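K.L.:
Here's a structure for you.
A short reminder: the numbers here are calculations on the coordinates, not readings from a lab. Note that the coordinates shown come from a computational prediction; the quantities given were computed from them, not determined experimentally. Backbone-built Cβ (ideal geometry, glycine too); neighbour counts: all protein chains shown.
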Amino acid sequence: MHSELSPCATMVGLKPPEVPPPAAVKFVSAGMAGCIADLCTFPLDTAKVRLQIQGEVTIPRTVSSVEYRGVLGTLSTMVRTEGARSLYRGLAAGLQRQMSFASIRIGLYDSVKQLYTPKGADNTGMATRLLAGCTTGAVAVACAQPTDVVKVRFQASGAQWDSARRYSGTVDAYRTIAREEGVRGLWRGTLPNIARNAIINCGELVTYDLLKDALLRAQLMTDNVPCHFVAAFGAGFCATVVASPVDVVKTRYMNASPGQYRNALSCLLALLMQDGPAGLYKGFVPSFLRLGSWNVVMFVSYEQLQRLMVLARPALA
């Protein structure tokens, strides 16, 4: 995601490096930026999960009269019935996920894109960008899936009366799932998650890549924070629109008890029979608020962290 720039310094943020940062810098920066973005937007992600599984799980009688309604309604209901800490339930697993997931799918995107680009090519084509996005997204899911399963279980636990305290902590969750559901339980929902993140990766990274490149080439903006903000916001909206249906199925399947669904397809069919096509976009508003804000925080942090690490390398040498 590096573009040719004019030699002028930026007015906002750190000055862009004269040469692209090495892959190791991008890898570490992506993981750190993903953690920063999760810290800022985790309550919205939890609200999204609660809205997506609503109607599937049995909500306690004490709160059944106050179902989750909208983003603010979901957040206020959780704070009122479960306490403010419930908004960050599963954060430890979420940060563990970003340290591996974001590092691979975002930090290695440019390297894989260069690998797929034919030698001597002047520009990177759309197909190459999409292929690179799908590749890093799939590899990242394969590595980080157990952390995603644990994160979703914790986020959904407050809506499940019979299992609200089934895990005493993050490490206990990994052990309990492996013991009760087998090691395969930690990779529950891998296929729909690969599909989701391949789509999201293309929606996020490729859209961000193209928007940023277009803004710079048209000289509408310089390579600074406002440019990153605009490109990231557009990438978040695009990713939410194309990935929401897969995200709903992934969340329900990963949160399901053993034997509830035979596979991801049966989960999809059950969802369509119960809620119709509109069910595929359950939690769309919190998904967009979360994914849009997550992209803005992540990409702005990612770009600045790369530049900070490049500036710090000579001092550390």
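K.L.:
What is the distance, in nm, between label points placed 7 Å from the Cα along the Cα-to-Cβ direction at Ala23 and at Ser257?
P.N.:
A separation of 4.6 nm, rounded to one decimal place.
K.L.:
Further question: Would you kindly derive the ³J(HN,Hα) couplings of the stretch 96-110 from the backbone phi angles with the Karplus curve 6.51 cos²θ - 1.76 cosθ + 1.60 (θ = phi - 60°), listing them in order in whole Hz, with x for Gly and Pro?
P.N.:
3J(HN,Hα) across the stretch 96-110, in whole Hz: 4, 4, 5, 4, 9, 5, 5, 4, 7, 6, 9, x, 9, 4, 5.
K.L.:
What shape does the stretch 78-178 have by the C-alpha gyration tensor, where a ≥ b ≥ c are the square roots of the eigenvalues, rounded means a/c under 1.5, and otherwise prolate means a/b greater than b/c and oblate the rest?
P.N.:
On the way: a/c = 3.93, a/b = 2.87, b/c = 1.37.
Prolate, because a/c is 1.5 or more and a/b exceeds b/c.
K.L.:
Based on Cα positions only, what radius of gyration and what Dmax would you give for the stretch 136-243, in angstroms?
P.N.:
Taking only Cα atoms of the stretch 136-243, I get Rg and Dmax of 18.7, 57 Å.
K.L.:
How about the stretch 161-265: which trypsin sites (Lys or Arg not before Pro) there are in a DSSP loop, with at most 13 other Cβ atoms within 10 Å of their Cβ? Present the calculation step by step, with values, prior to reporting the outcome.
P.N.:
Details: sites: Arg165, Arg166, Arg175, Arg179, Arg184, Arg188, Arg196, Lys212, Arg217, Lys250, Arg252, Arg262; in loops: Arg165, Arg166, Arg188, Arg262.
Passing both the DSSP loop test and the Cβ count: Arg165, Arg262.
K.L.:
Just how large is the dipole of the chain about the Cα centre, in debye to the nearest 20, putting +1 at every Lys and Arg Cβ and -1 at every Asp and Glu Cβ?
P.N.:
Details: 32 positive and 21 negative charges, 147 e Å.
It comes to approximately 700 debye.
K.L.:
With springs only between Cα atoms under 10 Å, which of Cys202, Cys267, Cys35 fluctuates most in a Gaussian network model of the chain?
P.N.:
Cys267
K.L.:
State, to one decimal in nm², a quarter of the convex hull surface area for the C-alpha atoms of the stretch 164-226, i.e. the direction-averaged projected area. Don't skip to the answer; put the middle values down first.
P.N.:
Values: hull surface 28.6 nm².
Mean shadow area of the hull around the Cα atoms is 7.2 nm².
K.L.:
Taking R0 as 22 Å, what's the FRET efficiency between Cys40 and Val79 from their Cβ-Cβ distance, rounded to 0.05?
P.N.:
Values: r = 18 Å, r/R0 = 0.80.
It comes to 0.80.
K.L.:
Expressed as an acute angle from 0 to 90° and rounded to the nearest 10, what is the orientation of the C-alpha long axis of helix 23-53 relative to the principal long axis of the chain?
P.N.:
30 degrees
K.L.:
While we're here: Name the residue farthest towards the positive end of the dipole of the chain from the options Gly283, Leu72, Tyr88, assuming +1 on Cβ of Lys and Arg, -1 on Cβ of Asp and Glu, about the Cα centre.
P.N.:
Tyr88
K.L.:
Sort the stretch 168-317 into rounded, prolate or oblate with this rule: let a ≥ b ≥ c be the square roots of the eigenvalues of the Cα gyration tensor; rounded if a/c is under 1.5, and if a/c is not under 1.5, prolate when a/b is larger than b/c, oblate otherwise. Please report the intermediate quantities before stating the final value.
P.N.:
Working: a/c = 3.23, a/b = 1.59, b/c = 2.03.
In terms of gyration-tensor shape, oblate.
K.L.:
Along the charge dipole of the stretch 194-259, Cβ charges K/R +1 and D/E -1, which of Thr207, Leu220, Ala239 sits furthest on the positive end?
P.N.:
Ala239
K.L.:
With the chain treated as a Gaussian network of Cα nodes joined by springs under 10 Å, which of Val248, Val149, Val230 yields the largest mean-square fluctuation?
P.N.:
Ranking Val248, Val149, Val230 by mean-square fluctuation puts Val230 first.
K.L.:
Name the longest site-free stretch of the chain, where the excluded sites are GluC sites (Glu not before Pro) in a DSSP loop with no more than 11 other beta-carbon atoms within 10 Å.
P.N.:
Values: sites that count: Glu4, Glu18.
The longest uninterrupted stretch comes out as 19-317.
K.L.:
So how tilted is helix 264-275 from the main axis of the chain? Cα-based, degrees 0 to 90, rounded to 10.
P.N.:
70 degrees
K.L.:
When the convex hull of the Cα atoms of the chain is projected onto a plane and the area is averaged over all directions, what value comes out in nm²?
P.N.:
Values: hull surface 71.0 nm².
Computing the convex hull of the Cα atoms and averaging its projections yields 17.8 nm².
K.L.:
For Lys212, give me every one of the lysines with a C-alpha distance below 18 angstrom, ignoring sequence neighbours fewer than eight places off in its own chain.
P.N.:
Lys15, Lys26, Lys113
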